[in-house]
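A quick write-up on the structure given underneath.
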Amino acid sequence: MMEKEKIVARAFGKVLRAQRVSADLTQGALGIRARLGRRYISNLEMGRHVPSMVTVVTLAMALEMRVEALMVLVEDELKNNS
């Protein structure tokens, strides 16, 4: 993974975890809603994987939020940690 991808993956993971916890969901529960494995959710939250656009949309829907809102939070996280 290139350095830019690592930075974005970590920011996405931090936001994903915060939104999941805010929604009072376990990684397993989010995985069931999104039809993704719990381990994959964990790896996303730890910034080990860069999600595809399909995965981002799927996770936003599972968290009952707009994709735009999720991505604004990621953008804000990137700005705050640059």
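Read the figures in this text as sums done on the coordinates, not as results from a lab. Please read these numbers as outputs of a predicted model, since none were measured by experiment. Using ideal geometry, Cβ is built from the backbone for each residue, glycine included, and neighbour counts are taken over all protein chains shown.
Things worth noting here:
- Compared with the alpha-carbon gap, the fully stretched path from D24 to M61 is longer by 11.8 nm at 0.36 nm per residue.
- Placing a label point 7 Å from the Cα of D76 along the Cα-to-Cβ line, the residues of the range 2-19 whose backbone N sits under 13 Å from it are 15-16, 18-19.
- The chain: relative contact order as a whole-number percent, Cα under 8 Å and 6+ apart: 38
- Kyte-Doolittle mean at least -1.0 and Cα axial length at least 24 Å: DSSP H helices in the chain: 3-22
- Matching label, log10 I(q)/I(0) by the Debye sum over Cα atoms at q = 0.11, 0.18, 0.24 Å⁻¹ computed from the structure shown, candidates (1) -0.31, -0.74, -1.11; (2) -0.24, -0.66, -1.20; (3) -0.27, -0.67, -1.09: (2)
- Our note on the geometry: Cα centres of the range 26-45 and the range 57-81, 16 Å apart.
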